[in-house]
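Each reported figure results from applying straightforward, stated rules to the coordinates on display, with no laboratory input. All figures in this text were calculated on a predicted structure; none of them were measured in a lab. As a convention, Cβ positions derive from the backbone with ideal geometry for all residues, glycine included, and neighbour counts pool all protein chains shown.
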Amino acid sequence: MTDIFIFILATLGAIFAMLAAIGILRMPDTYLRISVTTKAATLGIGLILGAAALYFGDFAVSTRVQAIIIFIVLTAPVGAHLIGRTSYFTGNKMWKNSVIDELEGKYDKKKHQLLSEDVKKQHQKEEQKKEADGRKKAEEDKW
Amino acid sequence: MSLHDYLYYVILPILAISSLVVFIRFVKGPTIVDRVVALDLIITLGIGEIAIYSIINNKPTFLDIATILALIAFLGTVAFAFYLEKRNKKDD
């Protein structure tokens, strides 16, 4: 009975791992590649490790397997986010058919800061503020 | 076909060919970020291979190495992300 479960888990895990490998080769864009590898590989490796835990049926082994699975599930999104962020900041371009780029114009390349509004608008606001301050000073000087 | 044969002649080759396919992207990768992602995926597939191998040889001790590989994969990705971003700052 457990053999059948091990068959199913190992097969599903291998299929997901293979899909991740095909995805990283065929996807047109770095960001899509990161997305594919994070999700499919995590699921595939989790299933294969589950098959190993089922095969040994030992408390010590299944605890170890749980630790590995939890660690991978926790760290895969963090690593993918960090590397995707770096990829965006180093000026990696998106695929030409991408629908939306929500960070467009919000990254200040000179200061290396990510703003919640457009960089150009921010600069305009700062200039307007300076002008207003200058006018106030001029008026105060008149008096 | 016993479980041992199935794992040895079907699952392990699938994982090995997947690693090879990822290695193509590792060599080809237009940017360095692609290479880092491919390296991460190769190590993750290595964890799966170790798990299957520990079932075949009936040695659960191999899973300790899988833990260490998972740690190294995460550490490598984070370090590469950190230093690539830093390197870009110096260039300007």
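Brief remarks follow.
- Estimated inter-spin distance, A:Asp118 and A:Phe71, nm [label 7 Å along Cα→Cβ]: 4.7
- Only helices reaching 18 angstrom along their own axis (Cα) with mean Kyte-Doolittle hydropathy no lower than -0.5 count here, and for the DSSP H runs of chain A these are A:2-26, A:30-56, A:59-89.
- Percent of C-alpha pairs per 10 Å bin in the protein assembly as shown, short distances first: 7, 27, 26, 16, 10, 6, 4, 2, 1, 0.
- Summing Lys and Arg as +1 and Asp and Glu as -1 over all other residues whose Cβ lies under 15 Å from the Cβ of A:Ile24 gives a net charge of +3.
- Neighbour-count ranking [beta-carbon atoms within 10 angstrom, fewest first] of A:Ile8, B:Ile42, A:Ile24: A:Ile8, B:Ile42, A:Ile24
- For the protein assembly as shown, the dipole from Cβ point charges (+1 on Lys and Arg, -1 on Asp and Glu) about the Cα centre works out to 760 debye, to the nearest 20.
- Against chain B, whose longest principal axis is taken from its Cα atoms, helix B:12-28 shows a tilt of about 20°.
- Cα gyration tensor, the stretch A:10-61 - rounded (a/c under 1.5), prolate or oblate: prolate
- Proximal charge balance of B:Val27 [Cβ under 11 Å; K/R count +1, D/E count -1]: +2
- For the stretch B:3-87, the spread of Cα positions along each principal axis, largest first, Å: 49, 26, 10
- Charged neighbours of B:Val37, selected by a Cβ distance under 11 Å, balance to +1 (K, R count +1; D, E count -1).
- Distance between the C-alpha centres of the stretch B:20-42 and the stretch A:80-94: 15 Å, rounded to the whole angstrom.
- Within the stretch A:26-58, backbone nitrogen closer than 19 Å to the virtual label 7 Å beyond the Cα of A:Ile100 toward Cβ: A:31-32, A:35
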